[in-house]
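I have placed the structure first, in the form of structure tokens, so that the comments after it can refer back to it.
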Amino acid sequence: MIKAVVMDMDGTLLDSHDNIPQKTKEALISLEKQGVKLILASGRNQRRLIGIAHELKMDEFGGYFIEIDGIAYSDLYKNERFLLHQMDKKEIEDIFSYLMTHCEVQACTEQTLYTFIPKELYSIKKKERIERNLGEEFPWTGGPWTWNFDMRKAYEEIIYVQSVDEVDGKINKLQIMDTDETILRLYEDLNQRFYKKFEFFRTSHRQIEILPYGYSKGFTLKRLMDQNNWAKEEVLAFGDGENDVSLFEQVENSFAMGQAEQYVKDRAKYVTLSNDEEGIYKALQQLKLVD
């Protein structure tokens, strides 16, 4: 019997227009009515998850967030949130300074996004801003799919910095954005240069998220499973990125989305359709959990 369904957000629960497909939404709410708990597991923070939770009626039925790739989690039934680990400036000084010579780098705190953007990226960003007709108030921060990505819903303040010395407060994670080629090269380099100091996850072709060593979505999922006495066969996992593989490792039944890279597909038990083809709904049908 399935007692919980854990899902990544971008590229998994959400389609390419940032919406929950209708059949998937109806199926998940149907499972909640039967007592199944939903867990949203994302690189996003609580601010960017709460709207999706309301849409799925998780505030009514309970459920959990695994936030910031496992750095925090929230119990929606109890209205409690737990931060498991944050980094101080000293911990990130070397890697932040190193990354500034290669790509855009962002330090994410609870309230503020500190961003360094190399001068050579501004011409690319300006071109995209014109093509997308973005206003002057639109942030210059990059994202996993575009050179200009709006993070104002996630953070109260976005501060552009020229040095790691300008970063203030406790840091939840770092994230970097650049071209596919640069990200691939940096992923290999960072895993060697900072071995066992941080966790590195490619969340898209153009983005790497950097967490304290030992933390992941799977790490926090295991914590929730222990708290609720859920066995591996009682939790179903869905994901499309490398940071979702740690979820697969904790459960008996896991699904990679159809558009996921082969690395992710190889580590899931099953492969379903893409996030634009009701992949989660089709998987739930396959397991005969919904009609």
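The values are calculated or read from the model by the stated rules, or taken from the named source; none is laboratory data. Fair warning: this is a prediction, and the values are worked out from it, not measured in the lab. Cβ: placed from backbone, ideal geometry, glycine included. Neighbour counts: every protein chain shown.
Which of the following residues is assigned to a loop (DSSP other than H, G, I, E, B) and touching a residue at least 40 places away in the same chain (Cβ under 8 Å): 39, 92, 2, 52? If you could, list the steps in order and put the result at the bottom.
Values: 39 fails: assigned to a loop (DSSP other than H, G, I, E, B); 92 fails: assigned to a loop (DSSP other than H, G, I, E, B); 52 fails: assigned to a loop (DSSP other than H, G, I, E, B).
Only one candidate passes the filter, namely 2.
If you go through region 12-50 and keep only what is of a type outside the set (A, V, I, L, M, F, W, C), at negative phi, modelled with pLDDT of 95 or more and surrounded by fewer than 21 Cβ atoms within 10 Å (Cβ to Cβ), you end up with 15, 19, 21, 22, 23, 25, 26, 30, 32, 33, 34.
Look through 82, 65 and report the one residue that is touching a residue at least 12 places away in the same chain (Cβ under 8 Å), part of a strand (DSSP E or B), among the aromatic types (Phe, Trp, Tyr) and closer than 29 Å to residue 33 by Cα.
Values: 82 fails: touching a residue at least 12 places away in the same chain (Cβ under 8 Å).
The unique qualifying residue is 65.
If residue 3 passes every condition in (1) surrounded by fewer than 21 Cβ atoms within 10 Å (Cβ to Cβ); (2) within 23 Å of residue 211 (Cβ to Cβ); (3) more than 18 Å from the chain's Cα centre (by Cα) but one, which one does it miss? All conditions are met except number (2).
Taking helices (runs of 4 or more DSSP H) as the structural unit, those lying wholly within region 174-291 and holding at least 2 residues that are more than 20 Å from the chain's Cα centre (by Cα) and touching a residue at least 60 places away in the same chain (Cβ under 8 Å) correspond to 180-193, 279-286.
For every residue, the table says whether it meets (1) assigned to a loop (DSSP other than H, G, I, E, B); (2) touching a residue at least 40 places away in the same chain (Cβ under 8 Å).
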{"position": "96", "(1), (2)": "no, yes"}
{"position": "106", "(1), (2)": "no, yes"}
{"position": "113", "(1), (2)": "no, yes"}
{"position": "120", "(1), (2)": "no, no"}
{"position": "128", "(1), (2)": "no, no"}
{"position": "136", "(1), (2)": "yes, no"}
{"position": "146", "(1), (2)": "yes, no"}
